[in-house]
1. Check every one of the helices (runs of 4 or more DSSP H) wholly within the chain and list those with 2 or more residues that are at pLDDT 95 or above.
2. Can you work out which of the residues in the stretch 1-36 that are open to solvent by 50 Å² or more (accessible area, probe 1.4 Å) and of a type in the set (Val, Ile, Thr) is farthest from PHE89 (Cα to Cα)?
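The values are calculated or read from the model by the stated rules, or taken from the named source; none is laboratory data. No experiment lies behind these values; they were computed from the predicted model shown. Heavy atoms of the whole protein, side chains included, go into the accessibility calculation; ligands, DNA and RNA do not. Shrake-Rupley method; radii C 1.70, N 1.55, O 1.52, S 1.80 Å.
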Amino acid sequence: MTAPPTDLQLIGREVALRWPDGVEDYLSGEFLRARSPSAENVGERDIFGQQYGGGGSKNFAGIEVRSWKPVGNYGVAFTFSDGHNTGIFTWKYLRELGEELRAGGNASTS
């Protein structure tokens with residue numbers, strides 16, 4: 001289980017996370033919205049393997065995080081400026097997203 005960040009705050013247009021090992025990630029609202037793990041965003045399969053949802057736009061230019069709320073001890077649910085608020089971002093998933101940005105050399109992380 002991934003430990004929760006020691007700090008989580010909104011700085012400008014980015015969600016800033018500081019992890020217990022000192023690593024800091026800065027994730028934009030656009031990036032988080034595009035990677036929302038919600039069924040609306042990624043779809044879901046029924047017991048017969050039929051895919052439902054997930055085929056919508058992946059262009060979230062200008063989308064910002066407006067707020068968040070904790071979900072148990074394992075993650076957060078963000079509310080985005082387009083009204084989306086159904087994806088649960090686990091601490092593990094958020095850490096993986098930060099690692100993805102760091103590996104790609106994206107300027108939205110340090």
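1. Where helices (runs of 4 or more DSSP H) fall fully within the chain and carry at least 2 residues being at pLDDT 95 or above, they are 29-34, 91-104.
2. Among residues in the stretch 1-36 that are open to solvent by 50 Å² or more (accessible area, probe 1.4 Å) and of a type in the set (Val, Ile, Thr), the one farthest from PHE89 (Cα to Cα) is ILE11.
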